[in-house]
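The values are calculated or read from the model by the stated rules, or taken from the named source; none is laboratory data. Model, not experiment: these values are computed from the prediction. All Cβ positions, glycine included, derive from the backbone under ideal geometry; neighbour counts span all protein chains shown. For accessibility, only protein heavy atoms count, side chains too; no ligands or nucleic acids. Shrake-Rupley method; radii C 1.70, N 1.55, O 1.52, S 1.80 Å.
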Amino acid sequence: MSPLDPATVVARGGAIDADPYGATSPPLYQTATFGQRTATGFDEFDYTRTDNPTRRAVEDLLAELEGARTALTFSSGMAAIAAVLRIARPGERVLCGRDLYGGTQRFLHEHLSGVVADHVDLTIGEDGRPRALERALATRGARILFVETPSNPRLEVVDLRSVARAAHAVGTLVVVDGTAMTPWLQRPLELGADVVVHSATKGLAGHGDVTAGVVATRDEALARELAARRNAEGTALAPFESWLLRRGVETLGVRLERAQSTALRLAKWLSERPEVERVSYPGLASHPGALVHAAQTVRDDAGGVLVTVECSNDDTARRLVESTELFSTSVSFGGVASSISLPHYMSHASTPEGAAPRPSPRLVRISVGLEAFDDLTRDLDSAFAAAPKPRREPSPILS
Ligand SMILES: *Cc1c(COP(=O)(O)O)cnc(C)c1O
């Protein structure tokens, strides 16, 4: 059969064809062990740390969506990212962009012992080549190039085809964190990435009720290595979480389509506000990376659900985040409910030594959910007009 359209893939939701009772909704195999027919040979499943039918169902579904051979799920996005970054051995180097999820920076700079992590400018010059990256690769090489596009939280766009070409020319493995877009909107493996990682906690699961991570690749040897390590360390996604993730992915398409059409309208609305100095949304023609983004997403109008705004001053930004009622002030994004955050104090609060510069306290990141556009703008309208709240000492969380 020819490959199915992603809309059909998600609607089928990873059905388990071999279910003995013909269950139409994939069952939850909430079991740690599977009985063996003999003592001397293993059957298809033996122990959930290694493999479980519910987990395998969601992994097959994610691999199909991503255009990968193999998808492996992990207990969180960070567990997935850590597993991949630990491919770099002591003495080797990881190169990454200048805007990156805070937790990834913490792992790179504080927990990957012996490995050097350097942030480089990944922009493309007039000649269409990532000159700064090429120079960095030429001087010391790198085991891994780790990229987010659009990046978190500034939503800067990286030209994946160009950076992948430069990295592959010197044998560097290209890893893309695809969390912001999900495979519904962008499939980095088709653009030259060797590995895609996701925090499935965000848009993929989509309901804010599970933490999960994904690694997807076409490289079978690498997949085997990662699966062996995941089994050895016990970092795979649990059956119930796998079931929740699969359930979330069933509605991935309708959720993202609806939320991103509201996000585009909201980005335009915010651009008109006097309290806002700059709006960053990859689906707006004014975004410097708009053309590159459109060329590497599944369609021209795949701007995603995140909008980042730079307010005219710190107090306005804080007031906006703290005074909205429909947007929860929370670090996560990509859920059915809208949320808003101040990355400087929240997701990027603690910046490890050597890390990229912390986002400005004027930067507000908005994740658009499924609420009605008019309700959201009314809420933002009154938040902009609200009286300042007394300042509370921010607690430095990094999640
Ligand atoms: C949230 C996030 C992560 C980490 O994922 P967890 O599921 O929270 O461990 C990694 N990368 C990006 C871009 C994220 O937004």
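Counting charges near residue 9 (Lys, Arg +1; Asp, Glu -1) among other residues having Cβ under 13 Å from its Cβ returns a value of -2. Overall, the ratio between the Cα radius of gyration of the chain and 2.2 N^0.38 Å, rounded to two decimals, is 0.99. Taking the 1.4 Å solvent-accessible surface of the chain as the whole, the part contributed by carbon and sulfur is 51%.
Probe radius 1.4 Å, ligands and nucleic acids left out: which of 346, 181, 78 has the largest accessible area, and how do the rest follow?
Values: 346 25, 181 5, 78 50 Å².
Highest to lowest solvent-accessible surface, that is 78, 346, 181.
Between region 330-387 and region 172-212, the alpha-carbon centres lie 20 Å apart. To the nearest ten degrees, helix 220-233 and the longest principal axis of the Cα atoms of the chain are 90 degrees apart. If you sort 298, 305 by accessible surface, 1.4 Å probe, largest first, the order is 298, 305. With the highest mean first, a sort of the peptides 102-108, 198-204 on other beta-carbon atoms found within 10 angstrom per residue produces 198-204, 102-108. Let a ≥ b ≥ c be the square roots of the eigenvalues of the Cα gyration tensor of region 138-271; is it rounded (a/c under 1.5), or, if not, prolate (a/b larger than b/c) or oblate? Oblate.
Would you calculate, for the chain, the mean residue ellipticity at 222 nm contributed by helices, counting each DSSP H stretch of 4 or more residues as -39,500 (n - 2.57) and dividing by all residues, to the nearest 500? Walk me through the numbers on the way to the answer.
Values: 13 runs with 133 residues, N = 399.
The per-residue figure over the chain is -10000 deg cm²/dmol.
Residues whose amide H lies under 5 Å from that of residue 340, counting only those 5 or more places away or on a different chain, are 328, 329, 330, 367; hydrogens are built 1.01 Å from N in the peptide plane. Most tightly packed first, judged by the mean number of other beta-carbon atoms within 10 Å of their residues, the peptides 166-173, 320-327, 112-119, 238-245 read 238-245, 320-327, 166-173, 112-119.
For region 199-206, putting each phi into the Karplus relation 6.51 cos²θ - 1.76 cosθ + 1.60 with θ = phi - 60° gives couplings of 8, 6, 4, 8, x, 4, 6, x Hz, in residue order, rounded to whole numbers and with x for Gly and Pro. Ordered from longest to shortest, the equivalent ellipsoid semi-axes for region 220-294 are 39, 18, 12 Å, each the square root of 5 times a Cα gyration tensor eigenvalue. Peptides 39-51, 360-372 ranked from most to least packed by the mean count of surrounding Cβ atoms within 10 Å: 360-372, 39-51. The largest accessible area among 225, 66, 126, 310 belongs to the first residue in 126, 225, 310, 66, and the rest follow in falling order (1.4 Å probe, all chains). Based on C-alpha pairs under 8 angstrom that are at least 6 apart in sequence, the chain has a relative contact order of 17 percent. Count Lys and Arg as plus one, Asp and Glu as minus one, and take only other residues whose Cβ is under 12 Å from that of residue 218; the net charge is then -3. Taking amide H as placed 1.01 Å from N in the peptide plane, residue 200 has its amide H under 5 Å from the amide H of 77, 212, 213, 214, each at least 5 places away in sequence or on another chain.
Note down the relative contact order for region 1-142 as a percent, whole number, built from C-alpha pairs under 8 angstrom at least six residues apart.
On the way: 125 pairs, mean separation 21.6, N = 142.
Computed value for region 1-142: 15 percent relative contact order.
Assign one of three labels to region 56-190, namely rounded, prolate or oblate, based on the Cα gyration tensor with a ≥ b ≥ c the square roots of its eigenvalues; rounded applies when a/c is under 1.5, prolate when it is not and a/b is larger than b/c, and oblate otherwise.
Values: a/c = 1.65, a/b = 1.25, b/c = 1.33.
Note, shape of region 56-190 comes out oblate.
Beyond 14 Å, how much of the Cα-Cα pair distribution for region 182-251 remains, as a whole percent? Don't skip to the answer; put the middle values down first.
On the way: 1532 of 2415 pairs.
Looking at region 182-251, the distances longer than 14 Å represent 63 percent of pairs.
A 1.4 Å probe run over the chain, with the rest of the protein chains in place, finds 44 Å² accessible per residue. Across region 1-78, the relative contact order, built from alpha-carbon pairs under 8 Å that are at least six residues apart, equals 29 percent. Put the Cα centre of region 231-286 next to the Cα centre of region 11-30 and the gap is 27 Å. Seen against the Cα atoms of the chain and their longest principal axis, helix 373-385 is set at about 50 degrees.
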